[in-house]
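See below for the structure under consideration.
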Amino acid sequence: MAQASQNKKDLAQARTKTNFDITDMTNYLYGGAANVEQRRYIIDLIAREPIFNKDDWPWLNHTDAVKRGIAMSTRLAEIKMEHELNDLDFATMVEAIDDTLPILLHNGAFIPVINSQGSDEQIEKWIPLAEKYQIIGCYAQTELGHGSNLSQLETTATFVQDTDEWEINSTTFTAAKWWIGGLGAMCTHAVVQAKLIIAGKDYGAHVFVVPIRSLDNHKPFPGIQVGDIGPKAYGGFNKMENGFARFNKYRIPRENMLMRFSKVSRDGVYTKPPHAKLSYGSMVLLRSVLIRQMALYLSRATTISTRYLTVRRQFNNPTKRNDADINPSLETQVINYPMVQNRLFPMIAQSYALFAAGTVMMEMYIGLMTGLSSGNIDTLAEVHATSSALKSYCTTIAAAGAEECRKLMGGHGYSYFTGLAHMFASIVPSNTYEGDNYVLTQQMARYLLKEVKIARTIPDKVTPYSKYLLQALNKEAFVNARCSVIKAEDWLNPDVQLAVFEHRCARLATELSDAVDAAGGMEATTWSDHNIECYRISHAHAQYVMVLWFVQSIRDARNPETEEERRASPEAILILERLSNLHALHTIQINLADFTEDAYFNPAQCQSLRAQVKSLVESIADQAVGLVDAFDHPDFLLASALGASDGEAYQRLWDKAQTEPLNRREVCDGYEEYIRPLLKKHGELKL
Ligand SMILES: Cc1cc2nc3c(=O)[nH]c(=O)nc-3n(C[C@H](O)[C@H](O)[C@H](O)COP(=O)(O)OP(=O)(O)OC[C@H]3O[C@@H](n4cnc5c(N)ncnc54)[C@H](O)[C@@H]3O)c2cc1C
């Protein structure tokens, strides 16, 4: 028999088993106590504002939702200014709001693009206006006919020398800008990607600041047709008015082209950028931010399911973790089933790895921008490729993980009130925007192909994260290389794990390079024939750096010389090491074919690997609730009946169902119109 009153006790009991300090772990995850405090402060700011209340969200239609989204956006802007919050705080506010709002691309893309691609004068002109929200911007690249293929965009910006203007034109029907977040209703300006044309010559896509709506009455300017593209999949993004725009020979001043790198003079002379990929900075930023966002999403999903599965009881089957200490007559907590643990705990480990990856990726981005500001482009290619590979991999596992968390929770998992449904709808398009996850993997593959060439000609010049390529230089030795694991415990050595990932990356990259060479080199080969291999190597590389960064972050946390914010207590380190092992070994396990097809692993190693994963999963069990508590997601943010911190899942689910508007009437709408006529079709019935 299920007992609602047991829920609370179960979660409380599980917490007593935690044998590390949760505050210490939270501090490790967020980079110190000050960051944790600031995040809590910001989330609380949002939670206290009635406009951000989430209770009626499931019942809003798109029109009402967009209006709410605009109201929320406005308040968000006001709070940012009132409290003089920085970009990280803004990101935390967005995290707390937990919805995509019309204003997000203003701070997330419009400002960063101007900052990274605008000249000093342009930054001086546009950024103060944008920061005070006197103008509201969006980022317009995608068109009806093209998204991924930037080179085939059909919107043109033609230089009109007489008036010193650009004429922006949607040259065809398919040139209409499409999907643009914020464009449908709220924004006044857009940074628009358009092909730059001077005297009939096409210089490719460039970025222009384009006024869209009047600052007096918000009407679109003559020459622009603008609107909302309509509702989106799974009810997601419903407060965001993703929009379309068509330009009909619409004029803007020449200075509205962003001219930090490419320039066009008054007399129409074009100066090309010193490096073709200099404009990648803002893309790297957006992708880097996404890695951290995925950590926050997956950690929320695992928090909700871990707590619910701790209080959910089903069958009376013996398991190794039967809670006889509470009450032996109760059914088994489903979190005790090894099958459930095997699905859930690797995702907790992944969430921790994603936190570490988010931090390092952001540091790489900051390093890149510091270099670029002084003209140093040394790390550009590596950071661009790494952020592309990680974006593709991390958004893939986070979206799949959120769905797995739903399935883990059985039937109730499909209720909107889990807090997961809304999150899932928000998270899945991350696999598509900021570069389709499949197309994006070609970036890392192309980069590695160049690195293979460098490794073979000037090995000293190989970049840090591609050093593994050097081991494949001696072909004979590499083909005969075998994994060093002898005893099962050897799997727990991070250096062994890293060697395993490095071997796979070196093999896949070298094989891809050899295949391209065999087909006559990059110029002669049919590149799309190699794209399946591109995906494989890119995700393999992403997995390698994820494992590496998690291992390094724990090594740093243990090192007394590391700054205090990044250190952790020995108890926390112990459990972090288990998580890191689980993350690495589980990742190997689900990609086992990659490690066996060249006989790098032998059958005994495969078996001992599986045994280690199983035993690591078991070793997390008592810590699971503590580990998700350490993510520090408050109830307001989780917005979950099943995953609230007190564990009262059944009561909350019941209470939430009572808020369903259908339940306000004893007899439903439509009874007289439809149900009664059907029931009475064959006359009155007396039973
Ligand atoms: C919620 C959401 C918000 C968005 N917001 C914005 C925004 O604010 N501003 C903006 O400019 N855009 C925005 N976009 C658009 C988004 O950036 C693009 O949709 C995305 O980059 C994918 O491009 P695409 O639509 O052209 O896909 P396509 O490239 O047409 O992809 C279609 C399919 O073809 C495959 N494919 C394409 N090319 C190749 C290839 N070379 N090799 C193998 N497979 C290939 C893809 O994998 C995919 O399966 C948004 C999209 C969404 C869903």
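For the range 609-679, the helices (runs of 4 or more DSSP H) that sit wholly inside it and include 2 or more residues that are surrounded by fewer than 13 Cβ atoms within 10 Å (Cβ to Cβ) and out of contact with any Gly (no Cβ under 8 Å at 6 or more places or on another chain) are 649-658. Can you go through P211, P220 and tell me which one is over 21 Å from G118 (Cα atoms), modelled with pLDDT of 95 or more, more than 16 Å from the ligand (Cβ to nearest atom) and open to solvent by 10 Å² or more (accessible area, probe 1.4 Å)? When all the criteria are applied, what remains is P220.
Yes/no per residue for (1) at pLDDT 95 or above; (2) within 16 Å of the ligand (Cβ to nearest atom):
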site	(1), (2)
S148	no, yes
E165	yes, no
S170	yes, yes
T174	yes, yes
K177	yes, yes
L183	yes, yes
M186	yes, yes
Q193	yes, yes
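Once the range 511-550 is narrowed to residues that are of a type in the set (G, A, S) and surrounded by fewer than 13 Cβ atoms within 10 Å (Cβ to Cβ), the residue that is nearest to L582 (Cα to Cα) is S528. In the range 413-432, the residue that is nearest to F345 (Cα to Cα) out of those that are away from the ligand (no atom under 16 Å from the Cβ) and not in a helix (DSSP H, G or I) is G419.
When each of I46, I114 is tested for being touching a helix residue (DSSP H, G or I) at 6+ places or on another chain (Cβ under 9 Å), aliphatic (A, V, I, L, M) and within 16 Å of the ligand (Cβ to nearest atom), the lone residue that passes is I114.
Can you spot a residue in the range 483-501 that is buried (at least 19 other Cβ atoms within 10 Å of the Cβ), within 16 Å of the ligand (Cβ to nearest atom) and under 27 Å from the mean Cα position of the chain (by Cα)? So far as the range 483-501 goes, no, none of its residues is buried (at least 19 other Cβ atoms within 10 Å of the Cβ), within 16 Å of the ligand (Cβ to nearest atom) and under 27 Å from the mean Cα position of the chain (by Cα). Look through A385, A381 and report the one residue that is in a helix (DSSP H, G or I), open to solvent by less than 20 Å² (accessible area, probe 1.4 Å), in contact (Cβ under 8 Å) with a residue 40 or more places away in the chain and of a type in the set (A, V, I, L, M, F, W, C). None of the others qualify; the one that does is A385. Of all residues in the range 268-283 being of a type in the set (S, T, N, Q) and under 24 Å from G435 (Cβ atoms), which is farthest from the chain's Cα centre (by Cα)? Going through the qualifying residues, I end up with S279. In the set (1) in contact (Cβ under 8 Å) with a residue 24 or more places away in the chain; (2) assigned to a loop (DSSP other than H, G, I, E, B), L372 fails one condition alone, (2). When A421, A402, A385, A398 are screened for being of a type outside the set (S, T, Y), more than 23 Å from V94 (Cα to Cα) and in contact with a Phe, Trp or Tyr (Cβ under 9 Å, 6 or more places away or on another chain), only A385 passes. Could you tell me whether any residue of the range 169-178 is of a type in the set (A, V, I, L, M, F, W, C), within 24 Å of the chain's Cα centre (by Cα) and surrounded by 18 or more Cβ atoms within 10 Å (Cβ to Cβ)? The answer is yes, given that some residue of the range 169-178 is of a type in the set (A, V, I, L, M, F, W, C), within 24 Å of the chain's Cα centre (by Cα) and surrounded by 18 or more Cβ atoms within 10 Å (Cβ to Cβ).
Residue-level check: of (1) away from the ligand (no atom under 16 Å from the Cβ); (2) buried (at least 22 other Cβ atoms within 10 Å of the Cβ); (3) under 27 Å from the mean Cα position of the chain (by Cα), G410 misses just (2). Scanning the range 433-479 for residues that are away from the ligand (no atom under 16 Å from the Cβ), within 30 Å of N149 (Cβ to Cβ) and surrounded by fewer than 17 Cβ atoms within 10 Å (Cβ to Cβ) turns up K450, K453, I454.
The values are calculated or read from the model by the stated rules, or taken from the named source; none is laboratory data. This is a predicted model, so every value here is computed, not measured. FYI the Cβ positions are ideal-geometry reconstructions off the backbone, even for glycines, and counts take in every protein chain you see. Each accessible area value is taken on the protein alone, full model and side chains, heavy atoms only, with ligands, DNA and RNA left out. Shrake-Rupley method; radii C 1.70, N 1.55, O 1.52, S 1.80 Å.
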